[in-house]
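Engineer: Structure below; questions to follow.
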Amino acid sequence: MQVLVCKEPSEFEYIEEDYPVVKPGYSLLKLQAIGICGTDLHAYDGSQPFFQYPRVLGHEIAAEIIATEHPEFKVGQLVTFLPYFNCGHCYACQSGKENCCQELAVFGVHIDGGMKEFIQVPNQYLVDANGLKKEELALVEPYSIALHAVRRSGLVAEETAVIVGAGPIGIAAATFAFLSNAKVLVIDINEDRLELCRKMLPKVETCNAHSGLLIEKISEFSNGRMANVLFDATGNLDAIESSFSYLAHGGRFVLIGLQKGDISFNHPEFHKREATLMSSRNANRKDFEDVIAFMKTGELNFQDIITHQIPFNQLAEEFPNLIKPENKVLKALVQFQ
């Protein structure tokens, strides 16, 4: 079978591997579609933490079951799966935080992922598509990350939520913040992304960060109190450090995006606000199942997120184009024959 390997930053190669022999406790899956996320793009450009080369990328997956012994699944069924393989015995796992297991192996990051025709996955991580199409199913993982972050923030109705970054995760976070009945403002420097956000979420406010009036805009938006909850969905150090000044007194800053370096902020300014800084990592099964249930309602057209579709056998050639700003890529989807 054909496998696409990221050998080192900026270098992909197709190789041939034997078809997997299914191990006990595993299911064999035939790939249908994979979303390309920021993790994959940063792996390609060499800026992804927790990463070693060579690596097979891909963890936003829609697949068909080819073989399984799982009593709740059957051959031909469309599934996704939790790509965060946990140990089950560390302190985090025993505390119900499997998403940040101390020995976590993320599919496509710490271990080889889904950029191949067939994969085998431990049965315990399978998630039923529940009637979703493959294109929708490939969006479940990023939307689950956003839902997990909004839940972790403790956002409640009437609070002000400011999302920095109008990429797929940022738009997803804005979606769930809005559904929490919060007032939502999305900030980005990319007007095309802000325009898509306005199309998908017409009741959410937006602001172009190039305006140079961000603090004034956030103050006006929040009636002078600033952001009760601030989400970073950029993973950009400058954006993260600048965002501390947008926090309300008693505000919570949730880091969804990830970058390699240290973060610096003014301690007295942060301290006097009695603010909270927290990270949000991955998602859990309930997040996945709730996102699937939400998608099935049809309230929003999630597929507007998908701007590019690429056949798997052309991905190595096309991948460099995904990081070029002029191509206006928001979410690329890889299609398998």
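The values are calculated or read from the model by the stated rules, or taken from the named source; none is laboratory data. Treat the numbers as computed from the prediction; the structure is a model and nothing was measured. Neighbour counts run over all protein chains shown; Cβ positions are idealised from the backbone, glycine included. Each accessible area value is taken on the protein alone, full model and side chains, heavy atoms only, with ligands, DNA and RNA left out. Shrake-Rupley method; radii C 1.70, N 1.55, O 1.52, S 1.80 Å.
Engineer: Kindly establish whether residue 296 is at pLDDT 95 or above and more than 30 Å from residue 1 (Cβ to Cβ).
Structural biologist: no
Engineer: Take the residues of the stretch 211-255 that are in a helix (DSSP H, G or I) and among the aliphatic types (A, V, I, L, M): which is surrounded by the fewest Cβ atoms within 10 Å (Cβ to Cβ)?
Structural biologist: Checked the stretch 211-255; the qualifying residue surrounded by the fewest Cβ atoms within 10 Å (Cβ to Cβ) is 215.
Engineer: With the requirement that a residue be of a type outside the set (Ser, Thr, Tyr) and in a strand (DSSP E or B), what does the stretch 182-210 give you?
Structural biologist: The answer is 183, 184, 185, 186, 187, 188, 205, 207, 208.
Engineer: Quick check: anything in the stretch 165-181 more than 20 Å from residue 142 (Cα to Cα) and either open to solvent by less than 40 Å² (accessible area, probe 1.4 Å) or in a helix (DSSP H, G or I) (or both)? Outline the logic, then answer.
Structural biologist: Of the stretch 165-181, the ones more than 20 Å from residue 142 (Cα to Cα) are 181.
Now restrict to residues that are either open to solvent by less than 40 Å² (accessible area, probe 1.4 Å) or in a helix (DSSP H, G or I) (or both): none.
Within the stretch 165-181, none of the residues are more than 20 Å from residue 142 (Cα to Cα) and either open to solvent by less than 40 Å² (accessible area, probe 1.4 Å) or in a helix (DSSP H, G or I) (or both).
Engineer: Regarding the stretch 99-111, can at least one residue be identified that is buried (at least 17 other Cβ atoms within 10 Å of the Cβ) and among the charged types (D, E, K, R)?
Structural biologist: The answer is no; no qualifying residue exists.
Engineer: State the number of residues belonging to the stretch 256-294 that are over 16 Å from the mean Cα position of the chain (by Cα), over 28 Å from residue 221 (Cβ atoms), touching a residue at least 12 places away in the same chain (Cβ under 8 Å) and outside any helix (DSSP H, G or I).
Structural biologist: 2
Engineer: When you scan the stretch 132-155, do you find a residue that is open to solvent by 10 Å² or more (accessible area, probe 1.4 Å), among the charged types (D, E, K, R) and over 24 Å from residue 77 (Cβ atoms), even just one?
Structural biologist: yes
Conditions tested, residue by residue: (1) under 21 Å from residue 136 (Cβ atoms); (2) acidic (Asp, Glu); (3) surrounded by 21 or more Cβ atoms within 10 Å (Cβ to Cβ); (4) in contact (Cβ under 8 Å) with a residue 12 or more places away in the chain.
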position: 7; (1), (2), (3), (4): no, no, no, yes
position: 18; (1), (2), (3), (4): no, yes, no, yes
position: 32; (1), (2), (3), (4): yes, no, yes, yes
position: 37; (1), (2), (3), (4): yes, no, yes, yes
position: 40; (1), (2), (3), (4): yes, yes, yes, yes
position: 59; (1), (2), (3), (4): yes, no, yes, yes
position: 97; (1), (2), (3), (4): no, no, no, no
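Engineer: Sticking with this one: Checking the structure you have, find out if any residue of the stretch 42-57 is in contact with a strand residue (DSSP E or B) (Cβ under 6 Å, 6 or more places away or on another chain) and open to solvent by 40 Å² or more (accessible area, probe 1.4 Å).
Structural biologist: yes
Engineer: If you don't mind, there's one more thing I want to ask. Can you name the condition, by its number, that residue 334 falls short on among (1) outside any strand (DSSP E or B); (2) open to solvent by less than 60 Å² (accessible area, probe 1.4 Å); (3) more than 21 Å from residue 185 (Cα to Cα)?
Structural biologist: Of the numbered conditions (1) outside any strand (DSSP E or B); (2) open to solvent by less than 60 Å² (accessible area, probe 1.4 Å); (3) more than 21 Å from residue 185 (Cα to Cα), the odd one out for residue 334 is (1).
Engineer: Continuing with this model, one more query. Give me the residue from the stretch 129-156 that is assigned to a helix (DSSP H, G or I) and small (Gly, Ala, Ser) and, out of that set, farthest from residue 287 (Cα to Cα). Let's see the steps before the verdict.
Structural biologist: Start the filter on the stretch 129-156 by keeping residues that are assigned to a helix (DSSP H, G or I), which leaves 134-137, 140-153.
Now restrict to residues that are small (Gly, Ala, Ser): 144, 146, 149, 153.
Values: 144: 5, 146: 9, 149: 10, 153: 14 Å.
Filtering first and then ranking leaves 153.
Engineer: Residues being closer than 15 Å to residue 84 by Cα and loosely packed, with under 13 Cβ neighbours inside 10 Å: count how many of those fall in the stretch 257-292.
Structural biologist: Final tally of qualifying residues: 1.
Engineer: Tell me which of these residue 72 doesn't satisfy, since it passes every other one: (1) over 19 Å from residue 290 (Cα atoms); (2) open to solvent by 30 Å² or more (accessible area, probe 1.4 Å).
Structural biologist: Condition (1) is where residue 72 drops out.
Engineer: Given (1) open to solvent by less than 60 Å² (accessible area, probe 1.4 Å); (2) touching a helix residue (DSSP H, G or I) at 6+ places or on another chain (Cβ under 9 Å), where does residue 298 come up short, assuming only one miss?
Structural biologist: Here residue 298 meets the rest and fails (2).
Engineer: Out of all the residues in the stretch 117-131, is one or more in contact with a strand residue (DSSP E or B) (Cβ under 6 Å, 6 or more places away or on another chain), farther than 20 Å from residue 64 by Cβ and not basic (Lys, Arg)?
Structural biologist: No, every residue in the stretch 117-131 fails to be in contact with a strand residue (DSSP E or B) (Cβ under 6 Å, 6 or more places away or on another chain), farther than 20 Å from residue 64 by Cβ and not basic (Lys, Arg).
Engineer: For the stretch 20-30, which residues satisfy the criterion of being of a type outside the set (Phe, Trp, Tyr) and in contact (Cβ under 8 Å) with a residue 12 or more places away in the chain?
Structural biologist: 20, 22, 23, 24, 25, 27, 28, 29, 30
Engineer: Further question: So which residues in the stretch 295-324 are part of a helix (DSSP H, G or I) and without any contact (Cβ under 8 Å) to a residue 24 or more places away in the chain?
Structural biologist: 297, 314, 317, 318, 321
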